[in-house]
Every structure is written in structure tokens, then in C-alpha cells.
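The values are calculated or read from the model by the stated rules, or taken from the named source; none is laboratory data. The structure presented is a predicted model; accordingly, all values stated were derived computationally and were not measured. Ideal geometry is used to build each Cβ from the backbone, glycine not excepted, and the neighbour counts take in all protein chains shown. Accessible surface is based on the protein model in full, side chains and every heavy atom, while ligands, DNA and RNA are left aside. Shrake-Rupley method; radii C 1.70, N 1.55, O 1.52, S 1.80 Å.
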Amino acid sequence: MSTLTFLGATGTVTGSKYLLEAGGDRLMVDCGLFQGAKELRLRNWNPLPVPAASIQWLLLTHAHLDHVGYIPRLVKEGFRGQILASAATVDLAKIVLPDSGHLQEEDAEFANKKGFSKHTPALPLYTYEEAVQSLEYMRAVHALEPIEISPHFIVRGFFAGHILGARMIEVTVRENGKEKRLLFSGDLGRFPQMVIPEPAVPEDGFDYMLLESTYGDRLHPKEDIAARLASIVERTASHGGTVVIPSFAVGRTQELLFLFRELIEDKKMHSVPIHVDSPMAIDVTNLYEKHQEDLSLELDALVAKGIKPFSPPNLHFDKTVDESKQLNDARYPTIIISASGMATGGRVVHHLERCLPDHRNTILFVGFQAAGTRGQAIQSGAQSVRMYGHDVRVRAQIESIDNLSAHADYGEILAWLKRFAKSPGKTFMVHGEPKASEALGQRIREQLRWDVVVPKYLDRIEL
């Protein structure tokens, strides 16, 4: 009996994990960290419902932490199978996972130093070394072609339009002479795209589809992103302030650099110092230049002309801790792009601690802020936020540009689904807050007449 179990991304936008079982074989799709609210984060410390050693394959849709960040823990618990992903995703994971281990060690060390952890001592979920060791199980595959990995599983990928290397994953499950086809959307990108190809429309039908619903209850504003970005920077600079942008190191930072380059070259924005204060974002930007197979045709044309798409004037890469600390002494208008995107950790927290109390500064959110995160609290109008064991007043201007999201909104998702030649037998709403998942599911039922289910954590279904 083949089954599908939802081990994450149900009722939340984090912790993506799905387990397929057929003929005694076990395959997992994605292996992400739970983030946000404490009750979700605590799940990261719980053992999986099945022994990690019994899982033979892990397929990755893309390299964001909520889809790959649990891998070192999985290996620590005994996983010794193959981790298959696109070449760009493997290269990104080699940056993202060690960085995650390093940050967790730093956070645990800082908590012990300041004494604000309830645990003595505070421990990291996994270490830098454990993250590095987990990389040896990864194998890059040409994921756009079908691959038979066992008599029970055939896998294939499609461009997902989310970040570099992102793929939707099709899994054909074979058991007892029958076949069931599943499509895992991963994170579905926007229409149109600035940097990478748009989401593909698979031609064949599916028995089941797992569909992300991050923005299932919202439409992105129809605004001129570039003009808004320039306006925020110009206004803040006129006050002598700093624009702090908590940004995902993978995807969002590169889009921002692309936009800033265009704005300055077109003389729509003054050139001010732009600091990328994230070693990971810097390394990822280099990968975007390396993996041209994952860039859009428009960017290919720019590169052919000798233009560096992600290199605006006055760009500074701050890799070392000392370079990051020097930004504390800046007395001129500047832009700081720093991770993490939801302000849950990393160098951006130090910049927020310094810049939030000053009304001349602007904190600009350019992506989804999950419930329970520091970013969501600031974005929602909190008068103060907790950082490093004390409360920090919020006096800076708070701005958001939702239209830079790498996730399709419900209108874009519905338009994409309407292009399917055949409806899936059953569609599961995943990777969304409950309200968003329910809202998108209802729209699909009403407009497309599809069979839609919103699964719960640890639900297990027979295929």
C-alpha cells in the first residue's frame, strides 16, 4: 500500500516535509526547518515519525531553509540515502546549510553568554560541522528529465520560477502494477519573472497535487516596484538615514541588486552606498552568475553584452564581522541588505537593534513575514521588539513592498492552474497559514470545480 504523509508545511509556511512510501521504499520530498512561533520551532527537536535511516531518497524543490534546513538533523538521526536536486540547488545548499549551522552555534553561544535562554546550556539544533558532513549525500541531477530511482519511484522536475534552481517535482509511484502520479509544487514563483524562467505548466495530468498557498488569501499590489523602491531610498537619504532591508540571501537579494542597478543606470535614483552584509548572500550572488542555465533569456542577453546584472554602482560586499561592525559607524545615507529575511537571526538583527530607535531610518520588508517572527511583529506595528534579551523601541519608518515576493498570489496561482490540460484527482493545500490555505482552496473549488483538501500535520493518506 503506497502512502503520503504530511510531515510539515501544514497550517504554516515552514517545515516542508512530505513522505512517500511504496513497496517498502521510502522517499521524502523536501526537508525544511520549522520557523516562527515557538510551538513550531520545537518540532525541529522532535524525532521524525519514521526512522531517518529508513528513508532512502530525499528530493529537494529548492534551497530555502524552510525546505532544506532540517537535512543536517536528518543525517544526524541516521539518514544515509541519496539527496537529489538540480545543480544550482546543490550548490546553494552547500552555502545555506553550513551557514545555518554556524548561525545556530552563534545564537546558542550568545544566549549562553547573555543568559537569556531557558535552557542551560543552550544548544544548536546542529553544528557547522554536522551541516558540512550532510552535504556528502547530495547529488546533482538534470531534474528536467525523468529519472527512475527505484522500481517504485520515477521523478522529474519542472521550472518553478521561485529562486535559482527551484523545481516542481513530479513523482510517479508504482506498486502492485498500478501507477499514481503526484506533483509537488514546492514554492511557486511569479508571473512575469525578472531573473529566472517563469513557472512551467506541466502537460500531463496528475492523480494528486500538493500546492503551496503562502499568498492564498492575498493579491500582490499592482504598483511600480522600481519607482516605490527608489522613492523609499530617496526619502530616507534626504533625512540622512539608513535603509535596512531584511532580505533572504537566496533570490531576494539578487533581485534587489538587479533593480538598484537598473534604477541608478536609468538615473531614476541617486547612487548611494549599497552594502550587502551577508556572507551567504554574497556567495549566492556569485552562483547566480555561474548557473546561467537557470537564468531567463533576458538576463542571458545582458550577460552576452558584458553587463553584470547584479552589480549596481557603489556596491560593497561585507563578508567579515569587522566589515559588518564598521557599518555601525556610518554617518551617511546608505542601504544595508542583510539576512535573515524574517529578522529571526543573523547580522540583520544587530542592524535592526541599532536602527529601529531612530526616526530617520527606514526598515523595508520585501518578503513574506511568517506568524511569530520578529519581522512580522515589526511589520504589524509593534512599538517595541525583543532582541538579545531586551526590548528595542520602534521609531524608524516601517515600509513593505509585497510585490517583490517570490511567491505567486492567489490570482497568479489560479491563472496558472487554469492552463492545466487536465485537473488533478485531488489537490492538497500546503505551505500556507490556515486562513490562506482555506481561502485558496475555496477559490479553486468554486472556479475550477477541483477536489481540494487542506491537510493537517502528520495526516497520512493512501494513494
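Whole number in Å², please: accessible area per residue of segment 1-147, 1.4 Å probe, ligands, DNA and RNA not counted.
Per-residue accessible area for segment 1-147 comes out at 40 Å².
Packing here is the average count of other Cβ atoms within 10 Å per residue, and on that basis the peptides 337-346, 303-312, highest first, run 337-346, 303-312.
Counting only alpha carbon atoms, the long axis of helix 225-238 and the longest principal axis of the chain meet at about 30°. Working ranking of peptides 133-141, 149-157 by packing, defined as the average number of other Cβ atoms within 10 Å per residue, highest first, is 149-157, 133-141. Applied to segment 348-359, the Karplus parametrisation 6.51 cos²θ - 1.76 cosθ + 1.60 on θ = phi - 60° returns per-residue 3J(HN,Hα) values of 4, 5, 5, 5, 5, 4, 7, 8, 4, x, 9, 5 Hz, with x for Gly and Pro.
Taking the charge dipole of the chain about its Cα centre, with +1 at Lys and Arg Cβ atoms and -1 at Asp and Glu Cβ atoms, the residue from Phe79, Leu65, Phe153 reaching farthest to the positive side is Leu65. Between 0 and 90 degrees, the angle of helix 434-448 with respect to the longest Cα principal axis of the chain falls at about 60 degrees. If only the Cβ of Lys and Arg carry +1 and only the Cβ of Asp and Glu carry -1, the dipole of segment 302-449 around its Cα centre is close to 500 debye.
Pairwise Cα separations in segment 94-187 fall into 10 Å bins from 0 onward with the following percentages, short to long: 15, 26, 25, 19, 12, 2, 0. Pairwise Cα distances in segment 1-108 exceed 15 Å in 62 percent of cases. To the nearest 10, the accessible area of His316 is 70 Å² with a 1.4 Å probe. Dividing the mean sequence gap of close Cα pairs (under 8 Å, 6+ apart) by how many residues segment 322-463 holds gives a relative contact order of 17 percent. For segment 343-427, the solvent-accessible area works out to 39 Å² per residue, with a probe of 1.4 Å and every protein chain left in place. Helix content alone sets the calculated 222 nm mean residue ellipticity of the chain: runs of n ≥ 4 DSSP H residues at -39500 (n - 2.57) each, divided across all residues, give -9000 deg cm²/dmol. Couplings 3J(HN,Hα) for segment 307-323, derived from phi with the Karplus relation 6.51 cos²θ - 1.76 cosθ + 1.60 (θ = phi - 60°), are 8, 8, x, 10, 10, x, x, 6, 8, 10, 9, 9, 8, 8, 5, 4, 4 Hz, where x marks Gly and Pro.
The average projected area of the chain, computed from the convex hull of its Cα atoms over all directions, is 20.8 nm². On the chain, 49 percent of the accessible area sits on carbon and sulfur atoms, based on a 1.4 Å probe. Summary value for the chain: 19 percent relative contact order, contacts being C-alpha pairs under 8 angstrom separated by 6+ residues. Extension gain for Tyr457 to Glu77 (0.36 nm times residue separation, less C-alpha to C-alpha distance): 134.7 nm. Most tightly packed first, judged by the mean number of other beta-carbon atoms within 10 Å of their residues, the peptides 443-450, 87-94 read 87-94, 443-450. By the Kirkwood approach, averaging reciprocal distances over each pair of separate Cα atoms, segment 47-133 gets a hydrodynamic radius of 13.9 Å. Couplings 3J(HN,Hα) of segment 170-177, computed from phi: 9, 10, 9, 9, 10, 7, 6, x Hz, in residue order, whole Hz [Karplus 6.51 cos²θ - 1.76 cosθ + 1.60, θ = phi - 60°; x for Gly and Pro]. For segment 213-287, the dipole from Cβ point charges (+1 on Lys and Arg, -1 on Asp and Glu) about the Cα centre works out to 160 debye, to the nearest 20. Residues Leu183, Leu42, ordered by accessible area of protein heavy atoms at a 1.4 angstrom probe radius and largest first, appear as Leu42, Leu183. The overall shape of segment 136-231, judged from the alpha-carbon gyration tensor, is prolate: a/c is not under 1.5, and a/b is greater than b/c. For the chain, the longest principal axis of the C-alpha atoms and the axis of helix 279-290 are separated by about 60°. Taken as Cα centroids, segment 294-330 and segment 421-441 sit 37 Å apart, rounded to the nearest whole angstrom. Per-residue surface analysis assigns Lys38 an accessible area of about 110 Å², computed on protein heavy atoms at 1.4 Å probe radius.
If only the Cβ of Lys and Arg carry +1 and only the Cβ of Asp and Glu carry -1, the dipole of segment 38-101 around its Cα centre is close to 180 debye.
One Cα centroid belongs to segment 1-74, the other to segment 139-186; the line between them spans 17 Å.
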